[in-house]
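Read-outs throughout are calculated quantities, based only on the coordinates presented, and are distinct from any laboratory measurement. Predicted model only: the values in this text are computed from it and were never measured. Don't worry about glycine lacking a Cβ; one is built from the backbone with ideal geometry, like all the others, and counts go over all protein chains shown.
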Amino acid sequence: MKRWALPALVLTLVLSLPPSLHAQAKDTLTVALVSHAPTMDPHMHFERVGILVNINMFDSLLHRNTKLEFEPSIATSWKALSDTQWEFKIRKGVRFHNGEVLTPEDVKYSFDRVIDQTKKSPQYGNIRAIKEVKVVNADTVHIITDKPFPLLLERLVFFPIVPKKHIEAVGDQAFGSTSPVGTGPWKFVEWKRDQYIKLEAFDQHWRGKPAFKHLVFRAIPEVATQVAEIKTGGVDLMRNVSADLLPEFKTHPQAYISSTPILRVHYMALDMRSAPFDKRPARQAANYAIDKGTVIQKLMAGLGTQTATVVQPLAFGFDPSVKPYPYDAKKAKELLAQAGYPNGVDITLHSAFVEFRPVFEALCQMLTEVGIRTTPKMWDPGPAWNKFFQTEGKATNGYYGSWGNYSVFDADAVLHPLYHTEPGGWVGKWYTRVEGLDKLIDEARSSVDQPKRKKVYSQIQTMIREEAPSIFLFTQYDTLAISKKVQYAARGDEWLWLYDAKPVGR
Amino acid sequence: MLTLLIRRVVRLAVVLVGVTLITFSILHVSGDPVSLIMPEAPEADRAALRVAMGFNDPLPLQFTRFLANTVRGNFGNSFFHRAPALPLVLERMPTTLLLSICAMALSLALAIPLGIITAIRRASLLDWGATLIVFLGTSMPVFWTGIMLILLFAVQLRVLPVSGWESWAALVLPTITLATFSTPLLLRIVRSSMLEVINLDYVRTARAKGVSEWFVICRHALINAALPLVTVAGLQFGLLLTGAIITETVFAVPGMGRLIVGAIRQLDFPIVQAGVFVFAMIIVVVNFTVDLLYIYLNPQIRVR
């Protein structure tokens, strides 16, 4: 039949195309990310997907090991000279990818370009407490802050040191797109926006050469596609594997799961300005109403840890003697009656936390069961914040969300944004009204005396556990799917520090 | 002829102003971009950004400024990429166009012969089969088709790459996905318009003259049946572009659609506006081309 010739030909052609690309070279490690950051310049964005790429190309003064302890990197040692002055010894003989040797001048330059407000770095806020960086001699740098800044070391773990001479020669634009140069384990090769970033091992890296010669970060927005890629070997590592996918990977011949608790805490922020959550018993009732264990087991595949407050075990200042609210529906009803709602109360809760929609709906159902009859409202992530916070009064009883602490392992990183009421604050200024809490947060923030800070944080945790400005929930896990060709483990700071990745012999 | 062209060009301008007005207002109603660009920044910094971006001015003024800039091809800098928006969109346009054109070509290559055959062999097994395919094709959502094709051809059979844009083979699955979406309607159109003309007098006359069946169908029947096909194909092309948005996301294709989806999530106004503008532009140009094809295919319009 002649008229079938063409379709038949097309079909044959389609089916006979070479099985392309998936057969990867053994010395290549391919990582799937949902997107790429807008720039390669590690100081000019603050996107998780960008940080994950940058850390493999750039070194910072400090590093964190897999146990999340500080470790020397560009700085070989550090100490506080006073409340506002720190000294860092700079490692000798560290080379940039272009062959130049790193000097304290580069360190100073790196800070100066973020502090310089005309450059509009989105990371300025992280280090705004730094007043000046001084080069003392050929291997010493002093960092001077305008007030005691206990979070300094935390902030220096991701603060890449960039080459002064190189950037001055090529300009900021080229540095961020076609010629980024760092001192990290891999150097830049090629970036095709929304497709891939290709890196190559840097032979002269001071730690020694990384195990994989090529490192590729592909941008694949759809999770189902990432999963298909990992199953066919097109990708070796993907992030944020959701609970429903876990059983599939448990028995998969080509990939395995690595999961670890991370610094992300889930909470239901309560609007304390209006009824019913202006009353403490009502807020406590909401806390007793939630069966956290069941949510974690049934909806999160067991990957979560209950928390007593929003301060979590990984963070500095965590007090294990403060215990989570147990699930107690009867007590919740009593407290609700005590608050003046013996027949229950109607509220609306909001969320834009799309990935955890089932959890949100379960939480609302649990509240409804004790008499806090909740209407859940789900929003698109983009414009939602305004709706939660800025609509004064009506229908903003609270919202469900999570806080990632920006990878800062300190209680301040969650307490200040969630509960401090200063105008520059985030959630606290809208929702939280706990007397004396602001003062305690400020007190802990303005000291570098760690034992003293720890004591204040214990006090705060006891206080907020009692006052219940939020429904305290659980921490989240970071769950990676990894090819069996690669040996790697998820980290508590959600970093992909691929220098630790090793090929599995075959 | 000339008035026809002028009328079309005027219509084009009106449509474009309308499109920009709609995108402009929808985006401004939906939220405050400043709190999204710097969610944690102190109020003073936000206020400064608001002034710098002109978000404090009255909306009509903002729109007039926007329109004047649009005419000059200046949509402002993308908040996210910190680079001019229009080039970012245009840079990705060839990818989306290539995908849409391939899908359209595949659709036509399937729909025309199948449509003709099913029209001639009405109520045959083939006809029933085609009806079933049409039914399936229109019922399946694009993203689902895409994922199923990935599972079949990339995961099970391993003959094609899952996603990406690095080889010609990567083009195959997205093209098929998009084509499953557009083929059914085109097939229906070819079939029904063929049925309409195939029993008309002039076709019978042609047959009576002893012209070969093949020639009758292609030369006489098809040309007349092609008019509705051209119209629908033109409209379908617009739908294909929107379908490409989903397809690009599923297959990680670095096209315009994916850029715009990302921009909508980030409330990156300039990209969304430039993107919608370019999409509208393409659709208007396609419709214009369809009008011209009409004139070529149907001499009656030329005379009128």
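Excluding A:Val101 itself, calculate the net charge of residues whose Cβ lies under 10 Å from the Cβ of A:Val101, where each Lys or Arg counts +1 and each Asp or Glu counts -1. The answer is 0. Ordering A:Leu102, A:Val136, A:Val157 by Cα displacement along the dipole of region A:73-157 toward the positive end leaves A:Val157 in first place; charges were set at the Cβ atoms of Lys, Arg (+1) and Asp, Glu (-1).
Give a quick list of chymotrypsin sites (Phe, Trp or Tyr not before Pro) in region A:90-162 that DSSP marks as loop, anything other than H, G, I, E or B, with at most 11 other Cβ atoms within 10 Å.
Values: sites: A:Phe96, A:Tyr109, A:Phe111, A:Tyr124, A:Phe158; in loops: A:Phe96, A:Phe158.
Sparse-neighbourhood loop chymotrypsin sites (Phe, Trp or Tyr not before Pro): none present.
Its Kirkwood hydrodynamic radius, worked out from the mean inverse distance over all distinct Cα pairs, puts region A:149-225 at 14.7 Å.
Take each residue in B:249-260, count the other chain C-beta atoms within 10 Å of its C-beta, and the mean is 4. Length gained on full extension, A:Ala275 to A:Tyr256: 2.0 nm, using 0.36 nm per residue less the C-alpha separation.
So if R0 is 41 Å, what FRET efficiency would B:Leu125 and B:Asn298 give, r being the distance between their Cβ atoms, rounded to the nearest 0.05? Display every interim value, and only then the final one.
On the way: r = 35 Å, r/R0 = 0.85.
In this case the efficiency is close to 0.70.
Add +1 for every Lys or Arg and -1 for every Asp or Glu among the other residues with Cβ under 10 Å from the Cβ of A:Ala468, and state the total.
Values: positive: A:Arg280, A:Arg283, A:Arg465; negative: A:Glu466, A:Glu467.
Residues close to A:Ala468 contribute a combined charge of +1.
When you count the other C-beta atoms within 10 angstrom of each residue and take the mean per peptide, A:434-443, A:290-299 line up highest first as A:290-299, A:434-443. Using the empirical formula 2.2 N^0.38 Å as the baseline, the Cα radius of gyration of region B:37-142 reaches a ratio of 1.94.
Magnitude of the charge dipole for region A:119-275, about its Cα centre and with charges confined to Cβ atoms of Lys, Arg (+1) and Asp, Glu (-1), is about 380 debye.
Each principal axis of the Cα cloud of region A:88-214 was taken in turn, and the coordinate range along them, longest first, works out to 43, 32, 28 Å.
Starting from the Cα-Cα distance between A:Glu71 and A:Asp346, subtract it from 0.36 nm times their residue separation and give me the gain in nm to one decimal.
Details: separation 275, 0.36 × 275 = 99.00 nm, distance 5.14 nm.
The A:Glu71-A:Asp346 span can extend by a further 93.9 nm.
Axis of helix B:269-297 versus longest Cα principal axis of chain B: the two differ by about 20°, to the nearest ten degrees.
3J(HN,Hα) along region B:5-21, derived from phi through the Karplus expression 6.51 cos²θ - 1.76 cosθ + 1.60 where θ = phi - 60°, amounts to 4, 4, 4, 4, 5, 4, 4, 4, 4, 4, 4, 5, 4, x, 4, 5, 4 Hz, with x in place of Gly and Pro. Exposure proxy for A:Lys231, A:Lys331: other Cβ atoms within 10 Å of each Cβ, ordered fewest to most, give A:Lys331, A:Lys231.
Less than 5 angstrom separates the built amide H of A:Ala255 from those of A:Lys484, all sequence-distant by 5 or more or on a different chain.
What ranking do A:Cys364, B:Cys102 get, fewest neighbouring Cβ atoms within 10 angstrom at the top? Please report the intermediate quantities before stating the final value.
On the way: A:Cys364 22, B:Cys102 18.
Arranged by neighbour count, lowest to highest, A:Cys364, B:Cys102 become B:Cys102, A:Cys364.
Close amide H partners of A:Arg193, meaning residues 5 or more places away or on another chain with modelled amide H under 5 Å apart, do not exist here. Evaluated at q = 0.15, 0.18 Å⁻¹, a Debye calculation over the C-alpha positions of region B:82-218 (equal weights, vacuum) places log10 I(q)/I(0) at -0.85, -1.03. The largest-to-smallest principal axis extents of the Cα set in the protein assembly as shown are 105, 73, 60 Å. Shape index of chain B: Rg/Rh, with Rg the Cα radius of gyration and Rh the Kirkwood radius from the inverse mean 1/r over Cα pairs, equals 1.07.
For region A:198-350, the square roots of the Cα gyration tensor eigenvalues, ordered a ≥ b ≥ c, give a/c of at least 1.5 with a/b greater than b/c, which places it in the prolate category.
Computed about the Cα centre, the dipole magnitude for region A:56-167 is approximately 160 debye when only Lys and Arg (+1) and Asp and Glu (-1) carry charge, each at its Cβ.
Please compute, for peptide A:32-41, the average count of beta-carbon atoms on other protein chains lying within 10 Å of each residue's beta-carbon.
Numbers: counts 2, 0, 2, 5, 2, 2, 9, 4, 0, 0.
Mean number of neighbouring Cβ atoms from other chains: 3.
Between the residues A:Gln461, A:Pro376, A:Gly436, the greatest Cα displacement towards the positive end of the dipole of chain A, with unit charges on the Cβ of Lys, Arg, Asp and Glu, is found for A:Pro376.
Taking other C-beta atoms within 10 Å as the exposure proxy, A:Ser73, B:Ser163, A:Ser177 rank A:Ser177, A:Ser73, B:Ser163 from fewest upward. Taking every residue in A:227-236 and counting other chain Cβ atoms within 10 Å of its Cβ, the average works out to 5. Along region B:257-262 the Karplus relation, 6.51 cos²θ - 1.76 cosθ + 1.60 evaluated at θ = phi - 60°, assigns HN-Hα couplings of x, 5, 4, 5, 4, x Hz to successive residues, with x for each Gly and Pro.
For A:Trp206, nonlocal amide neighbours, meaning residues 5 or more places apart or on other chains whose placed amide H falls under 5 Å from its own, are A:Arg95. For the protein assembly as shown, a crude dipole built from +1 on the beta carbon of Lys and Arg and -1 on the beta carbon of Asp and Glu, taken about the Cα centre, is about 1940 debye to the nearest 20.
Projecting the Cα atoms of B:Leu98, B:Thr64, B:Thr138 onto the charge dipole of region B:43-141, computed from C-beta unit charges around the Cα centre, puts B:Leu98 farthest toward the positive end. Summed over qualifying helices (DSSP H, 4 residues or more, each -39500 (n - 2.57)) and divided by its residue number, the protein assembly as shown shows a 222 nm mean residue ellipticity of -14500 deg cm²/dmol.
Summing Lys, Arg as +1 and Asp, Glu as -1, what charge do residues with Cβ under 12 Å from the Cβ of A:Glu132 carry, A:Glu132 excluded?
Values: positive: A:Lys108, A:Lys131, A:Lys134; negative: A:Asp112, A:Asp146.
With Lys, Arg at +1 and Asp, Glu at -1, the neighbours total +1.
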